[in-house]
Amino acid sequence: MKHTLRQVFRSGKFLFGFSIFVSLVLIVLIYPLLVPDDPLRILGQGTFFPPGIYVNTYDSINTSTKYTLNLPNADVRRLESKLSQEDRLAMREWLIAAGIAESEIDIENTSSLLALWNSNYDPKKSIPGMTNARRNYFIRLNNSLKGLTMAGDLVVASKNAESGGLEDLGVVKDTDYVNISEVANVRLLLLGTDNFGRDMLTELVTATRVSLQIGFVAGLIATLIGLTLGLLAGYVGGIVDDIIMFFTNLFTVIPSFVLLILISYSLGQEQRGAFTVATVIGFTSWVWTTRAVRAQVVSLRNRDHVNLSKLSGHSIAHIIIHDILPYIASYVVMALILQISSGILAEAGLSILGLGPKTTEVPTLGLIMRWAMIYQAHIQGNWWAYLPVLVTIALITFSMNLMNTGLDQVFNPALRD
Amino acid sequence: MRNKILTLLSLLAVFAMLLSACGTPTPAAPAEPEATQPPAQPQATEPPAQPAPTEAPALKPGDPLPRTETLYFNGLQWGPVVCWNPYSSNCNNAMALAAGDNARVTMFETPYLYNMLDGKQYPLLADGDYSWNAERTELTFKIKPAAKWSDGTPVTAEDVAYTWATHVKYNTGTGAGNKDYIEDIVALDPKTVVIKAKLDANGKAVNPLIVSAFVSSNYVVQKAWTQKLEQRTGGDAAKFLADTAEDVVFSGPYGPFYADETKVVLVRNDKYWGQDPSMWGKLPAPKYLAHAIFKDNAAGFAAFKAGEVDVSQQFNANIQDLWLKEGLPVSTYLPDPPYGIGASLPTAFYNLNSHGLNLVAVRKAIAMAVDYDTIVANAMANQSATFKQVPRSLMNPTPGEQALYDHDAVKDLQWAGKDYEAAKKLLDEAGVVDTDGDGWREYEGKKLSYVATCPNGWSDWQAAIEIVAAAGKEIGIEITTNYPEWSVYQTVVTKSDAPLPAGYDIFMMWSAGAGPTMPWGRIRNLLSSEWIGQPSNWSGNWGQYKNERVDELIKAIPNETNPDKLKEMYTELVKIYLTEVPSFTLMYRPQNFHAVNESVWTNFPHQDDGTNPPVPPLNLVDGWSIAGLYNLTLVK
């Protein structure tokens, strides 16, 4: 046993797959300890907030210490963010259309451009040939320029509850900075939010855990059924073999995913918890394990040590457990690994079709994909809503397949180096 | 080694293909106007010049359509067209047939056009306003002398009368739905129509409101063609309604060009009567109205984004990203949230027979705990006004309806949502508390546990229901969600002759949008007990609420003409609704979603576009919004 394990861990492929898998499992186990949030909690009011650090504006204005930094080019950067080259060209276009001579417009000179703009721009003015979308663009541009032309500092005021008047609380200068560690509310949303406004990262980690659980349950069920039937068919043979193989062949020709869809659909959504879905997946994917195990057992059945055991009067169960199972154990482990990874894929497939577990209870990788798709994240370029999920699914199945190949190389004499 | 290189190469190839497939489709460049195309008038205020008669060889069905003469739609037509029969309600022909409060008047026309923005009915086939007699039992209107069918014969009062008689004879939806209110429609002379209202025991019209709405929500069909159809089907009602009516005669500006599994195209009737100065004075700008049949919303959205669709009637989440982030020439009716005009009130109904939901306190507490701002921001992606902007009542956000009730009188009843403390207090006071310490409240010893539901795949509704369920957790009431398929859901919910089964404690349905009978019609649908007991109830009050005072008011309003009295009655209804909470509004939803891509066409209706009367954002095909088709110009 020790020797086998040492051999297994000497395989580079297995080791690589194993370390990816273990890191995923570790993340899944440790992350909830660090961020103990409810993964389904709706944080954001709005859909698909992009990844980043979110600093509370209210708190940053109210921090006790203010730092003054005189950074070079701060003004330029501020201006750039509000007034790009494209905006300047558009302003010129509008001004020319409004009848200003082109020679008067200098788009490089910001102050003269703004002055000209402010004195001429009229949102109500109808420019021939201009689309409504373009008109809206100019209104937005004009609004965003308002902050630029403001002279001096911003005054923070609060409303007096009694008189209704404004009371000055302080002044914000354009050289004021806060240290982010002193702001009471800062939230890192490493993967942004999803369509419900949930923290994607927390949701993804929980979903990975649930999907792994679904995979394990589905894989275990499929392998157990496959193993039992395969052993019986292969060892007992005769009519038992015929009956088992009849059903196995029957299920082989029906695509298991179609079967899965039909069963999930007929169960109805109220019945579909994560565990139920896992069980259904397990019960529809045992077929090829049975066939493979049977083939192996048939070749083992007439070995000398088995015959010896038979002559010694051991029971069928004893023979199967002691004389046959150890010889196919390595194969069974490999089959189990593949069943787990295909179980995870099957859940994702089902959920994308809307036949997966219920949404309110637990997140799964497939469910996140489904909602991202419904809210068209893939068309609107909100990559954080689906790409990390895809990568996670790929990593899980990749690591498992790698482990499987590694094991194969160790145990399959034909592939041994 | 060689194998590895090959694998690597094929991987690269696959990756490259994926990349190119993911690439942003470039918006179709507006094609050069063709020689036959009239010069487009750029001025928004001036009408576009009349298109010159087309000299190019006529297109055959199936030919590629000239982009600069075609207006493309999405979100209206799903699946192939079945028929063109204006009497049938199963034609699945959304480009041509959609009678109703804001009737689609591309091919068939109604006597009047309803304008949801000002609440008025404008004459189309009719000549001038209609008039009531002194007793309000007979409504009279004239037919425009210019009005003609596509075969050149004039539209007459006899056509209007015969259409009604046919609806009654074959018991169509229109006939069945109106015969309790309309006694008869007769032609006084070839151009004068009289609608006689059904009278009650006191000799007053049963419902004058429905009679006056009839003239803008039902098509006029040609008598001669109807008779031809009757002859062909031998008086068999089933055959009559199932006829595909390929030969149908119509009066509207567009007629069928072709329809197959991928596309429906209407072509302009260049002899359309409406170019007479007594109506539009010109032809609508696009020669073709085309609707590709998309697989789903995502496919339709991709086409809209690429500029292959001009007018989109789809719920496109985060539509603003198209202009804010991608700089596309896309716009909506309003430039800022809610982007459109809310008209209907998607509503969560309570099953009043569920354990605990017979208590007003429980109903109100759940409604008060729901986070509506999140529903608006997340489920509707801000395409709904918030309840801070438009406090809840029974009215939609249009100014006309908002003016119909006394805002100050119900101010204290209008909850804003996410008020967990007030909700808990309400429950505590009603004695609905957690007695066994499991964190969930009990009533009469039984835990309050509900299932909130809506049809599967209705994404914005599902997201809203998720948020309703989340509110339950905050106030100690267990709410789980469930999404049956629509086919199951609709049969269960519309069966009002028996109590609703388990699993339908809180469920979502729509309410009526904008129309000439509103808000009365909407209130009747939401609250009237007349729907209880119907085996197939598509009207409303699916939670089976009964209140005699409400029924009285609903009965009295149609005959009331005094505006002050009306306001009083509406205010009382709002008061009862917000006190008893038999159901509650979750969001405001536009009558139609309406977003336009100005890659090819421009001058679509938008707020303050200077049109008078204002053109509503109903995709330029419904009710008065068809006026928008006459203002379109090509982008230069």
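A:VAL28: surrounded by 15 or more Cβ atoms within 10 Å (Cβ to Cβ) and in contact (Cβ under 8 Å) with a residue 60 or more places away in the chain, yes or no? Explain how you work it out, then say what you get.
On the way: surrounded by 15 or more Cβ atoms within 10 Å (Cβ to Cβ): yes; in contact (Cβ under 8 Å) with a residue 60 or more places away in the chain: yes.
In short, yes.
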The condition from (1) within 19 Å of B:ASN353 (Cα to Cα); (2) open to solvent by 60 Å² or more (accessible area, probe 1.4 Å) that B:LYS473 misses is numbered (1)
Which ones in region A:19-77 are among the basic types (Lys, Arg) and either part of a helix (DSSP H, G or I) or away from chain B (no Cβ under 14 Å) (or both)? A:LYS66, A:ARG77
Boolean, A:ILE379 is open to solvent by less than 10 Å² (accessible area, probe 1.4 Å) and assigned to a helix (DSSP H, G or I): no
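Report yes if some residue within region B:341-348 is over 30 Å from B:LEU578 (Cβ atoms), part of a loop (DSSP other than H, G, I, E, B) and more than 14 Å from chain A (Cβ to nearest Cβ); otherwise report no.
Initially, region B:341-348 is screened for residues over 30 Å from B:LEU578 (Cβ atoms), giving none.
So far as region B:341-348 goes, no, none of its residues is over 30 Å from B:LEU578 (Cβ atoms), part of a loop (DSSP other than H, G, I, E, B) and more than 14 Å from chain A (Cβ to nearest Cβ).
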Take the conditions more than 14 Å from every other protein chain (Cβ to nearest Cβ), open to solvent by 10 Å² or more (accessible area, probe 1.4 Å) and either farther than 30 Å from B:ILE467 by Cβ or part of a loop (DSSP other than H, G, I, E, B) (or both) and apply them to A:LEU201. Does it pass? no
Kindly indicate whether any position in region B:529-536 is open to solvent by less than 20 Å² (accessible area, probe 1.4 Å) and among the aliphatic types (A, V, I, L, M). no
Which one of these does A:VAL240 not meet: (1) within 14 Å of another protein chain (Cβ to nearest Cβ); (2) farther than 28 Å from A:PRO357 by Cα? (1)
Can you tell me which of A:LEU355, A:LEU338, A:LEU350 is under 18 Å from A:MET403 (Cβ atoms) and crowded, with 19+ Cβ neighbours inside 10 Å? A:LEU338
B:PHE301 meets each of (1) within 14 Å of chain A (Cβ to nearest Cβ); (2) open to solvent by 10 Å² or more (accessible area, probe 1.4 Å) with one exception, condition (2)
All positions within region B:305-327 that are facing chain A (nearest Cβ under 10 Å) and not in a loop (DSSP other than H, G, I, E, B): B:LYS305, B:ASP321, B:LEU322, B:TRP323, B:LEU324
What's the number of the condition B:GLY515 fails, among (1) within 14 Å of another protein chain (Cβ to nearest Cβ); (2) of a type in the set (Gly, Ala, Ser); (3) crowded, with 20+ Cβ neighbours inside 10 Å? (1)
Scanning region A:25-56 for residues that are modelled with pLDDT of 90 or more and of a type in the set (Ser, Thr, Tyr) gives A:TYR31, A:TYR54
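Against the condition of a type in the set (Lys, Arg), more than 14 Å from every other protein chain (Cβ to nearest Cβ) and touching a residue at least 60 places away in the same chain (Cβ under 8 Å), how does A:ARG209 come out, does it pass?
Numbers: of a type in the set (Lys, Arg): yes; more than 14 Å from every other protein chain (Cβ to nearest Cβ): yes; touching a residue at least 60 places away in the same chain (Cβ under 8 Å): yes.
In short, yes.
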Which condition does B:ASP609 not pass, out of (1) open to solvent by less than 40 Å² (accessible area, probe 1.4 Å); (2) within 14 Å of chain A (Cβ to nearest Cβ), if it passes all the others? (1)
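Return yes when B:ALA292 is more than 11 Å from chain A (Cβ to nearest Cβ) and either in contact with a Leu (Cβ under 7 Å, 6 or more places away or on another chain) or of a type in the set (Gly, Ala, Ser) (or both) and no when it is not.
Yes: the conditions hold for B:ALA292.
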Looking only at residues that are within 13 Å of chain A (Cβ to nearest Cβ) and in a loop (DSSP other than H, G, I, E, B) in region B:439-470, which one is surrounded by the fewest Cβ atoms within 10 Å (Cβ to Cβ)? B:GLY457
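Going by what's in this entry, would A:LEU262 be described as over 26 Å from A:VAL25 (Cα atoms), free of Cβ contacts under 8 Å to residues at least 60 places away in the same chain, out of contact with any Leu (no Cβ under 9 Å at 6 or more places or on another chain) and crowded, with 20+ Cβ neighbours inside 10 Å? Please lay out each step first, then the result.
Working: over 26 Å from A:VAL25 (Cα atoms): yes; free of Cβ contacts under 8 Å to residues at least 60 places away in the same chain: yes; out of contact with any Leu (no Cβ under 9 Å at 6 or more places or on another chain): yes; crowded, with 20+ Cβ neighbours inside 10 Å: no.
The answer is no for A:LEU262.
Considering only residues that are touching a Pro at 6+ places or on another chain (Cβ under 9 Å) and either of a type in the set (Phe, Trp, Tyr) or part of a loop (DSSP other than H, G, I, E, B) (or both), which ones fall in region B:177-201? Walk me through how you get there before you give the answer.
Within region B:177-201, the first condition is being touching a Pro at 6+ places or on another chain (Cβ under 9 Å), and the residues that meet it are B:181, B:190-191, B:193, B:197.
B:TYR181, B:PRO190, B:LYS191 - these are the residues of region B:177-201 that are touching a Pro at 6+ places or on another chain (Cβ under 9 Å) and either of a type in the set (Phe, Trp, Tyr) or part of a loop (DSSP other than H, G, I, E, B) (or both).
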Which of (1) out of contact with any Pro (no Cβ under 8 Å at 6 or more places or on another chain); (2) within 14 Å of chain A (Cβ to nearest Cβ); (3) at pLDDT 90 or above does B:ALA379 not meet, given it meets every other one? (3)
Residues being within 14 Å of another protein chain (Cβ to nearest Cβ) and crowded, with 20+ Cβ neighbours inside 10 Å: count how many of those fall in region A:385-417. 1
When you scan region A:112-133, how many residues do you find that are within 14 Å of chain B (Cβ to nearest Cβ) and more than 14 Å from B:ASP608 (Cβ to Cβ)? 6
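Give the residues of region A:157-176 that are surrounded by 13 or more Cβ atoms within 10 Å (Cβ to Cβ) and either within 14 Å of chain B (Cβ to nearest Cβ) or not in a loop (DSSP other than H, G, I, E, B) (or both), sorted by residue number. Explain how you work it out, then say what you get.
Here is the first cut: in region A:157-176, the residues surrounded by 13 or more Cβ atoms within 10 Å (Cβ to Cβ) are A:170, A:172, A:175-176.
A:GLY170, A:VAL172, A:ASP176, listed by residue number.
Among the residues that make up region B:481-491, is at least one of them touching a residue at least 12 places away in the same chain (Cβ under 8 Å), away from chain A (no Cβ under 14 Å) and open to solvent by less than 10 Å² (accessible area, probe 1.4 Å)?
No - not one qualifying residue is present in region B:481-491.
The values are calculated or read from the model by the stated rules, or taken from the named source; none is laboratory data. Since the model is a prediction, treat every value here as computed from it, not as a measurement. Positions of Cβ are generated from backbone atoms using ideal geometry, with glycine treated the same way; all protein chains shown enter the neighbour counts. For accessibility, only protein heavy atoms count, side chains too; no ligands or nucleic acids. Shrake-Rupley method; radii C 1.70, N 1.55, O 1.52, S 1.80 Å.
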